[in-house]
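The values are calculated or read from the model by the stated rules, or taken from the named source; none is laboratory data. Just so you know, these numbers come straight off a predicted model, no measurement behind them. Note that we place each Cβ from the backbone using ideal geometry, even for glycine, and neighbour counts take in every protein chain shown.
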Amino acid sequence: MSYVLLHAPALLIAIPLFAAFLTPIIDRFSKRARNIFVLAVLIIEEILMIIFAWDVFTNGIHIYTMGAPNPTSTVPLQSAVPVRIVLEVDGMSAFMGLISTTVSLAAGFYSIAFVRKETGQGRYYTLLLLMLVGMLGMEFTGDMFNLFVFFEILSIASAALVAYRSYYGDAVEGAFKYLIISSIAGPMVLFAVALLYGEYGVLNIAALAKAMNSTTLDMIALVLLISAFAMKCGAVPMHFWVPDSYTVAPASITAMLVVASQASLYALFRICFTLYGNTPYVATSGAILILFGLLSMFIGVTMAIPQKDIKRLMSYHAISQTGYMLLGVGAGLCLLGNPDFSTYGMAAMEGGIFHIFNHALYKGLLFLTAGAIFYKTKTRNLNEIRGLAHSMKFTTIFFLIGAFSIAGLPPFNGFASKLLIYESVYHVNPILSIIAMLVSILTLASFMKVFHSAFMGPAMKDVEKGEVPKSMLFGMIVLTAGIILFSVAPGWVVNHIVHPAAQSLANQSAYIQAVMGD
Amino acid sequence: MIHNIPYLAAVALAIIGLYAVLFKRNLIKIAIGISILESGVNLFLITLGYRENAVAPIYTNLPEGTSIPEGMTLPVPQALTLTSIVIGVAVLALILSFAVKIYQHYGTLDSREVRGLRK
Amino acid sequence: MSEPSKIVKTIASIIFPFTMVFGIYVILHGHLTPGGGFQGGAIVASGIVLLLVAFGSAEIAKRVKESHLSILESAGALCFISLAFLGLFKTFFYNFLAGSNFIFGRIPPFGSNPGDMNTGGVLPLMNMSVGLKVIAGLSAIVLVLSLFARSRKQKKR
Amino acid sequence: MLRTPGGYWDPVIWLLAFVVAILIVYIIRAFGRSDYKGGEQTKPFLSGMEVPNEDALHVKAGNIYWGFMRALEGYYDVLRRGHTGIINDYVAWFVGISAILFVVFLILGVI
């Protein structure tokens, strides 16, 4: 067991990578074997991640040095800085890894029936696993350049999957926009990494954070990194690609794209908190994150209300909910180093980080229900669908749970994280928490619109009766179980999972010490 | 001054690339712009590792009298550049294949007309 | 598009073997000289592109199937990751062959040397698997893109 | 139980309160006449006009919140004009935001 835990950071990234390239070979022999293989890999990932995350939450940071004689020997004998590729998993990384594996598991189950009629399924599962590799890589890496590499792997795999149903013209269009946006963001990140490398001669995040002395070049790198990652996590006013690509992707992939955006969000937080944690830019970047958060929340939700396409409506909500995370964690970043941090700042960060997990669960669930509706009716237009509650009882229940949770109605988990954000952000500025509550009300309003028009009313005549296939239901059950678990025990979750994550994000010196030794 | 020319060239390439992405309406030209932008960043990386009168950091048939490692260029930026080029190839191939598909569906490559997803 | 002339076809057939040999040389000597899996693979793939230009995509598509290329590509990637997994008794990606006096196991002399193929540990093996992947991948990309363009032309007619 | 800076949140207590509220509602309902089976009063009433069939009564998604959107027409016009759907504009927003962030950091760095 200790052997597996020691190698877990590398194994978690390597197993899906290996499986991704094995999938097309198995696909040639048997479709059924391929499905079982992919699901087995996703389940192994989930179990390994839970065990590993529990170890990280209780025992602290895990370090893994690739290719070294010993996984923990980060700094070689003759050198003063780490030159090897280092994976560094702290509470926040493990927390994000848990989200990624959970949602991929649900998306994997859902896909079995959802894409059964399509061609090229071997490639679909290859790219699905590569997306998981990209996300876990971004979250576990302790190295700026590998952050860029995994960022690009994630972008390429996601773009190819968005265009999976390429017989729809708009699917290719959405994928094209997504890819152009990521391939602009990618070189900008690389440019920032090159600036940092040229200045300090190292690529390791911990070594860079230790050497950081806040020159103008560092400032330019920070600007490039913040704007590139903020664009990739869908912050207003750089959110235009989000509805375009989320709408046209297959529903299981849209759920994955939500988590992929959150991997960029993680990179944004990691850079602001850890890389630039002891520079004078902290308060300014915190204020910028709060501003992005406010804009995202408000514009996202108001753009969602008039939408007629069910998935487009939900993708505007994804933008809006990302605003809550930016607001909560940005408030924590603003208060970093303040005496108030231990009370309100920490609570704000806990709220924002808890919201990341909640968002992945309920938004993933909502996108999967939207996919179930599309599977039955072959349309996403809300004007054309009605009365689905007559035949799709389980989907209706799942949709209601997701909708109540996203709207922050008690007793669901969305309420718990939003409550933390409202209360703590109120001490930064009361206006912030008033806007946050208003956005929550508008969210409820627009989901009532979806519920009324899609599920209520007389049944549709030209739609075959019955529920969606079992594998799709099971994918939704995985996420619903997560929502119910988090709803019933928010205190336990915050104390044992969210608090270590927030703590490790705020504690820059521990992150540096784990790699640099002293 | 003469040492700064590669940096200026890198920034100029990046700006040309961004210009193409911002103002050219043809999807293929946007792909070309992204390619130029990537070349600018790659040139910047390579320039970071350059030392004057230095040779490639390879021991095979190293010229006699080269001081190790002062007489060699830095190998790390070159490795980074190579990785970035590989990623660039993959991105470019994907963009071009999307452009072909878009042309099949929409019958145009004008970015002002490729917006069926608006609203 | 008219058929390329006989000169193009003849020159392409003459140059193709040399391109192959050069590409494979770059792959095999990746741990000694500038080059490696990606560069060599790109050279070999450019040889295949040369054939594609000279003889037309239909002719090539008859002999090389895209599905076979993607299997080859997966095989290359699998070899690479398997080599990384084999180092797992110490760490992932551990170079277990270097200094073992087994294949590619000699320790290279420090400083200037004429180059010894039998060094580098798993690096030459990884170069080969990356080379395989890049050859298959780039050829598949070019082949598919050219077939795309052809299918469109037929639709127009 | 989740401790927040100003108090606490416990879904179990909330659920208990919810169950109690439902019990009270049920008790009040039990005071009603059990022999009442509905009739004229439970039918939809449309100012005395004839009630159309169920299909026509269903409000379509495009018509929900019509008044809300009408009231905020100016705001939505500005937003709609921003969402052009042209890829060049998407990149322009990115470049513009980067430039603004640069200026912000430059000013705050000088101070």
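Worth pointing out:
- Test for A:Phe367: is it in a helix (DSSP H, G or I) and surrounded by fewer than 24 Cβ atoms within 10 Å (Cβ to Cβ): no
- Condition broken by A:Phe52, with the remaining ones in (1) among the aromatic types (Phe, Trp, Tyr); (2) touching a Gly at 6+ places or on another chain (Cβ under 9 Å); (3) within 14 Å of chain C (Cβ to nearest Cβ) satisfied: (3)
- Tally of residues being facing chain A (nearest Cβ under 7 Å) and farther than 15 Å from C:Ile141 by Cβ across region C:62-73: 1
- Total residues in region D:74-111, condition surrounded by 15 or more Cβ atoms within 10 Å (Cβ to Cβ), away from chain B (no Cβ under 11 Å) and either under 27 Å from A:Ser245 (Cβ atoms) or among the β-branched types (Val, Ile, Thr) (or both): 4
- Options A:Thr254, A:Thr279, A:Thr302; residue that is on the phi < 0 side of the Ramachandran plot, touching a Phe, Trp or Tyr at 6+ places or on another chain (Cβ under 9 Å) and surrounded by fewer than 24 Cβ atoms within 10 Å (Cβ to Cβ): A:Thr302
- Odd one out for A:Val428 among (1) in contact with a helix residue (DSSP H, G or I) (Cβ under 8 Å, 6 or more places away or on another chain); (2) closer than 29 Å to D:Ile64 by Cα; (3) outside any helix (DSSP H, G or I): (2)
- Some residue of region C:92-103 being facing another protein chain (nearest Cβ under 7 Å), modelled with pLDDT of 80 or more and over 26 Å from the mean Cα position of the chain (by Cα): no
- Residue that is farthest from the other protein chains (Cβ to nearest Cβ), among those in region B:75-119 that are part of a helix (DSSP H, G or I), free of Cβ contacts under 8 Å to residues at least 40 places away in the same chain and β-branched (Val, Ile, Thr): B:Thr81
- Restricting A:Leu409, A:Leu420 to residues that are in contact with a strand residue (DSSP E or B) (Cβ under 9 Å, 6 or more places away or on another chain) and either within 11 Å of chain D (Cβ to nearest Cβ) or part of a loop (DSSP other than H, G, I, E, B) (or both) narrows the list to A:Leu420.
- C:Ala42 surrounded by fewer than 15 Cβ atoms within 10 Å (Cβ to Cβ), hydrophobic (A, V, I, L, M, F, W, C) and in contact (Cβ under 8 Å) with a residue 60 or more places away in the chain: no
- Residue list for region A:423-472, filter: loosely packed, with under 15 Cβ neighbours inside 10 Å, at pLDDT below 90 and either in contact with a strand residue (DSSP E or B) (Cβ under 8 Å, 6 or more places away or on another chain) or farther than 14 Å from A:His390 by Cβ (or both): A:Asn429
- Residue check for A:Val41: surrounded by fewer than 24 Cβ atoms within 10 Å (Cβ to Cβ), modelled with pLDDT under 90 and in contact with a Pro (Cβ under 8 Å, 6 or more places away or on another chain): no
- Only one entry in B:Glu64, B:Glu52 is within 10 Å of chain C (Cβ to nearest Cβ) and part of a loop (DSSP other than H, G, I, E, B), namely B:Glu64.
- From A:Gly201, A:Gly174, residue being out of contact with any Asp or Glu (no Cβ under 6 Å at 6 or more places or on another chain) and modelled with pLDDT under 95: A:Gly201
- Remark: pairs (first residue in region A:190-209, hydroxyl-bearing (Ser, Thr, Tyr); second residue outside any helix (DSSP H, G or I); Cβ separation under 6 Å; 6+ apart in sequence or on different chains) = A:Tyr197/A:Leu203.
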